[in-house]
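See below for the structure under consideration.
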């Protein structure tokens, strides 16, 4: 990378597409944020226009382009590479009946893929197409997830990344290959799926016209959004932990080996490949983290996150309210699809601020529970918790997060850690993921009094959250 050169990052999310230009340390030069379109041509247009807008704002183009994004969402392409449908989203209900009827050996499936049968997996969508739209499935030359599809549109070359391929439910994480027995459930072969390359291996050079961006600059598929953000936060070895905050929350714990299948399934954690392929990353999710706060904020008449500082300013912590933040069931560390949100200890003396703060407490206490369980399964002693995502800009959230965490909390200081991370990974095109710079981190100040005050609250949360759930499973080895 030349002095004063820039790198472009693209993050294709469920709600927004983020495009940014960054320097070699992740410093932001320009960013553009747009709603994610429902079809591939519009998505490609949004990306290329945003790249051009960033080039105009920055006064120059990038030396490499990195792409990260959501997994599972994708599109079937014909032999000419044209989309056969609009984007098929991860939360599309199609495929639920087909995957439920698969009746696989759950332990064998988890051992191979690091996950269980789930309707959001592309395998479920292919099975649905095979049953309901067989001509369309027959016409599908390739399946491309959205990061792969965007890279293909920019380069004319279709490739994938292990952190994305692992989300298809057709990729064997042990061998690093698609499993023909799994793809056969949909009546297709592995040759319909993009070849997998390394996180810093270029897909190809840019071969479309983008205002202000030179043709031929390398394009890299950095990987799944959570994996990219964690890597950019320096979470790369056992002892490091990443917490990705947003509408949903994901806790990521690097481990030397995957858990035994029965343990992984019982805890509701996936075993994903690390971005460099050297380790396993255990991932536990809270689907309604930011979503829970959004819901309560609407109930109390708040207009948005801009109202939160004022609403939370006078709240005394801890609130004494126990919140189970499960609007749509619980995934980890004690899966329960029927679990729903519960608020205990709320009385007439509490106002909107206390209610909102209690929701934040509930999400942070749940994340602490996930951390304890995942670390035990991984056989690691956590040393640091790197936090990134939209909620890092809410001081009260970070104060509570740090108070309930068993280890020091480090906040990633970047406008978009995933977008910046994709750019930094692209900056090592052709090189090693180990050389990707770490984004700036700021250690949250210790508050020993608040930490002590939350200890009884954590015990009260666990007592309620674990009531009527299965006990922690016996730890088995892979």
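Worth a mention:
- Between residue 452 and residue 78, the modelled label-to-label distance comes to 7.1 nm, taking each label 7 Å out from Cα in the direction of the beta carbon.
- Helix-only CD estimate at 222 nm, as mean residue ellipticity for the chain, using -39500 (n - 2.57) per DSSP H run (n ≥ 4): -10000 deg cm²/dmol
- Here the translational diffusion coefficient of region 7-226 follows from Stokes-Einstein with Rh set to the Kirkwood radius across Cα pairs; for 4 °C and 1.567 mPa s it amounts to 73 µm²/s.
- Each label point was placed 7 Å from the Cα along the Cα-to-Cβ direction; for residue 343 and residue 372 their separation is 2.5 nm.
- Over the chain, relative contact order from alpha-carbon pairs under 8 Å, at least 6 apart, %: 18
- In the chain, the longest principal axis of the Cα atoms and the axis of helix 122-132 are about 60 degrees apart.
- The fewest-to-most ranking of 257, 270, 247 by surrounding Cβ atoms within 10 Å reads 257, 247, 270.
- Stokes-Einstein D for region 161-232, Kirkwood Rh over Cα pairs, 25 °C, 0.890 mPa s (µm²/s): 175
- Here the residues 18, 103, ranked from fewest to most Cβ neighbours within 10 Å of their Cβ, fall in the order 103, 18.
- Distance between the modelled labels on residue 300 and residue 42, one decimal in nanometres: 3.5 nm (7 Å Cα→Cβ projection).
- Entry for the chain at q = 0.06, 0.07 Å⁻¹: log10 I(q)/I(0) = -0.26, -0.35, Debye formula applied to identical alpha-carbon scatterers, no solvent contribution.
- Among 233-242, 359-368, the peptide with the highest mean count of other Cβ atoms within 10 Å heads the list, and the full ranking is 359-368, 233-242.
- Calculation over all alpha carbon pairs of region 348-478 in 10 angstrom steps from 0 returns a P(r) of 10, 32, 32, 19, 6, 1, 0 percent.
- Global size of region 234-465: 17.7, 61 Å for Rg and Dmax (C-alpha atoms, Rg to one decimal, Dmax whole).
- Among 150, 75, the order by Cβ neighbours within 10 angstrom, fewest to most, reads 75, 150.
- Our estimate of slack between residue 464 and residue 174, defined as 0.36 nm per intervening residue step minus the Cα-Cα distance, is 100.6 nm.
- For the peptides 372-384, 23-35, 152-164, the ranking by mean Cβ contacts within 10 Å, running from highest to lowest, is 152-164, 372-384, 23-35.
- Angle in degrees between helix 40-58 and the longest Cα principal axis of the chain, rounded to the nearest 10: 80
- Folded to 0 to 90 degrees: helix 417-426 orientation relative to the chain principal axis, Cα: 40
- Rounded if a/c under 1.5, otherwise prolate or oblate - region 15-64, Cα gyration tensor axes: prolate
- Fully extended contour minus Cα-Cα distance, from residue 208 to residue 328, at 0.36 nm per residue: 39.0 nm
- Length gained when the stretch residue 313-residue 432 is fully extended (0.36 nm per residue, less Cα-Cα span): 38.3 nm
Here, each number is a calculation from the coordinates, and none is a lab measurement. All values reported here derive from a predicted model rather than from experimental measurement. Every residue, glycine among them, receives a Cβ derived from its backbone with ideal geometry; neighbour counts consider all protein chains shown.
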